[in-house]
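To keep things clear, I will list the structure first and then write my remarks on it.
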Amino acid sequence: MGRGGFPAYRRLGRRFFARSAEELAPDLLGCALVLRVGGLTLAIKLVEVEAYLGVGDDPASHAFRGRTARNEQMFATPGHLYVYFTYGMHYCSNVVAEKKGVAGAVLLRAGEALQGAELMGARRGRKGVEIANGPAKLCQALGLDLRHNGLDLTRDELGIWPFETPKRVARSSRIGVREGRQLRLRFFDPDSPFVSGKRT
DNA sequence: CCATAGATTGACT
DNA sequence: GTCAATCTATGGA
């Protein structure tokens, strides 16, 4: 049995992820992202995510111009993990949505440490809200990089569990994107202090 | 508080 | 060659 209150039978399965990124994104808020490695459990409650759409639908999406080596996982079976490297030094992670062959993903932007805060804080050189209030910070806290690209969140060492339901869900345009600003595909818990910087 | 520069590499045009 | 789904330090109000 999983220690830390994340038993296998409660883990989110394929069906939960198999829908559009825009539908999936808000339902990920309040869920726990759990990594089990070396007998250790790290858990983060998701408080901010962004949906990225498929080919030709969303100029800010890595999949906008079609399939490439980098964005391959955006077309994978739903429930997989898409990790990309950016700005020469950072990793960001996404949950794959839609159905196999159709691109769509949800960027994990920010969360609150639930378990393993000491280790994650040490990795980040920060504490409290600074542990995972940004997509690259969240990856650094969990130690996620390209080795984790393509993991199956329904079976592998990283998974997602229902944890709590946010009282409210707010919606805004996405952060750090130039095009596609009219698409309001950022979802966050407006009552959480653990969201990243701006909150328009 | 806010604004801005620099870091640093690979993917894509 | 250009620039990115970012973060941090620093400098000024």
Inset, instruction - Of all residues in segment A:147-195, count the ones that are within 13 Å of DNA strand C (Cβ to nearest atom) and more than 16 Å from A:K45 (Cα to Cα). - result: 13
Legend entry - Residue list for segment A:19-40, filter: crowded, with 17+ Cβ neighbours inside 10 Å and assigned to a strand (DSSP E or B): A:A32, A:L33, A:V34, A:L35, A:R36
Inset, instruction - Could you run through segment A:44-70 and say how many residues are part of a strand (DSSP E or B) and within 12 Å of DNA strand B (Cβ to nearest atom)? - result: 0
Inset, instruction - Please verify whether segment A:59-73 includes one or more residues that are closer than 19 Å to A:V177 by Cα, in contact with a Cys (Cβ under 8 Å, 6 or more places away or on another chain) and either free of Cβ contacts under 8 Å to residues at least 40 places away in the same chain or near DNA strand C (Cβ under 9 Å from one of its atoms) (or both). - result: no
Inset, instruction - Output the qualifying pairs, or none if there are none: Cβ atoms under 6 angstrom, residues six or more apart or on different chains, first residue in segment A:168-180 and under 18 Å from A:D27 (Cα atoms), second residue within 15 Å of DNA strand B (Cβ to nearest atom). - result: A:S172/A:T200
Legend entry - Looking only at segment A:81-95, and only at residues there that are surrounded by 15 or more Cβ atoms within 10 Å (Cβ to Cβ) and aliphatic (A, V, I, L, M), the one that is farthest from DNA strand B (Cβ to nearest atom): A:V95
Legend entry - segment A:102-155, subset within 16 Å of DNA strand B (Cβ to nearest atom), more than 14 Å from the chain's Cα centre (by Cα) and in contact (Cβ under 8 Å) with a residue 12 or more places away in the chain, residue nearest to A:A32 (Cα to Cα): A:V129
Inset, instruction - Might you check whether a residue that is under 25 Å from A:A18 (Cα atoms), within 13 Å of the chain's Cα centre (by Cα), in a loop (DSSP other than H, G, I, E, B) and of a type in the set (A, V, I, L, M, F, W, C) occurs anywhere in segment A:71-80? - result: no
Legend entry - Criterion (farther than 29 Å from A:A18 by Cβ, surrounded by fewer than 22 Cβ atoms within 10 Å (Cβ to Cβ) and not hydroxyl-bearing (S, T, Y)) met by exactly one of A:R123, A:R155: A:R123
Inset, instruction - Could you list all residues from segment A:16-41 that are more than 12 Å from the chain's Cα centre (by Cα), more than 20 Å from A:M120 (Cα to Cα) and small (G, A, S)? - result: A:A18, A:S20
Legend entry - Checklist (1) among the β-branched types (V, I, T); (2) near DNA strand C (Cβ under 9 Å from one of its atoms); (3) farther than 23 Å from A:D27 by Cα applied to A:V106, failing item: (3)
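A short reminder: the numbers here are calculations on the coordinates, not readings from a lab. This structure is a prediction, so every number in the text was calculated from the model and none was measured. Please note: Cβ atoms are built from the backbone with ideal geometry, for glycine as well, and neighbour counts cover all protein chains shown.
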